[in-house]
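Written below as structure tokens is the structure these notes are about.
The values are calculated or read from the model by the stated rules, or taken from the named source; none is laboratory data. This one's a predicted model, so the numbers in the text were calculated from it and none came from an experiment. Heads up, the Cβs are rebuilt from the backbone with ideal geometry, glycines too, and the neighbour counts pull from every protein chain shown.
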Amino acid sequence: MSEDFKIYTKGGDKGETSLLGGTRVSKSHERVEAYGNLDELNSFLGLIRDQEINPRYRAVLLRVQENLFVAEALIARDPAKSTRELPGLKEEDVTLLENEIDRMNEELPALQNFILPGGHPTVSYCHVARTVCRRAERSLIRLNQSSPVENIIIRLLNRLSDYLFVLARKTGKDNGATETPWLPEREKH
């Protein structure tokens, strides 16, 4: 980082922040909430990537993290004021996740029941990331009701939550973890 880049600016000390384009909004604004959820998701993906996992999963997660940064920038810009040229997401970013889901599913037993998160720390991290992903998706859908969100961002998040579910199962299998099925008829203690 250059010496001119300061971590603190004091511009947000009164509960506001600037969107790309300069518009000042409350830090509780739905656009800030949406890109904040994407940022939280990105951090959890970093946590998963830091685990002892298959290098292929690590490479896919890195690409997803890069795509989430693109999505964050697209959401953080004021569509009415920002003229900054930003990178975009591509259909192949969604297709990558679909292909990875299919590839991992070939090595997993068919689901017979819902499964409870857990069994191994990496499995649990994947499930936490999956739930944060769903929250991020919901916040993007809410934002889309008042300000258009590129559909590919919503589709990417929808597919990513599916990917994280399958990745949880696959890392569990890779680590010899037992899947605990949710059985509604199980006796309550």
Item checked: Total residues in the stretch 141-159, condition over 27 Å from residue 179 (Cα atoms), within 19 Å of the chain's Cα centre (by Cα) and of a type in the set (S, T, N, Q) -> 2
Next item on the list: Would you check if residue 47 is under 30 Å from residue 147 (Cβ atoms) and outside any loop (DSSP other than H, G, I, E, B)?
Entry: no
Next item on the list: Go through the residues of the stretch 72-79 one by one and say whether even a single one is in contact with an Asp or Glu (Cβ under 9 Å, 6 or more places away or on another chain) and over 29 Å from residue 32 (Cα atoms).
Entry: no
Notebook entry, point to check: Just for the stretch 148-189: of the residues that are within 18 Å of residue 131 (Cα to Cα) and basic (Lys, Arg), which one is surrounded by the fewest Cβ atoms within 10 Å (Cβ to Cβ)?
Noted result: 155
Margin query: Of all residues being among the β-branched types (Val, Ile, Thr) and modelled with pLDDT of 95 or more in the stretch 136-163, which is nearest to residue 90 (Cα to Cα)? Just the residue, please.
Written below: 152
Item checked: Yes/no for residue 49 being over 10 Å from the mean Cα position of the chain (by Cα), surrounded by 15 or more Cβ atoms within 10 Å (Cβ to Cβ) and basic (Lys, Arg) -> yes
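Listed here are the residues, each with its yes/no results for (1) exposed (fewer than 14 other Cβ atoms within 10 Å of the Cβ); (2) modelled with pLDDT under 85; (3) under 22 Å from residue 71 (Cβ atoms).
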site	(1), (2), (3)
5	yes, yes, no
25	no, yes, yes
41	no, no, yes
58	no, no, yes
Notebook entry, point to check: Looking at 134, 169, 138, 103, which is the one that is over 24 Å from residue 53 (Cβ atoms) and not acidic (Asp, Glu)?
Noted result: 138
Note to self: Name the single residue that is surrounded by the fewest Cβ atoms within 10 Å (Cβ to Cβ) among those in the stretch 119-140 being within 25 Å of residue 178 (Cα to Cα) and basic (Lys, Arg).
What the structure shows: 134
Notebook entry, point to check: Are any residues in the stretch 105-129 over 19 Å from the mean Cα position of the chain (by Cα) and not in a loop (DSSP other than H, G, I, E, B), and if so, which ones?
Noted result: 105, 115, 116
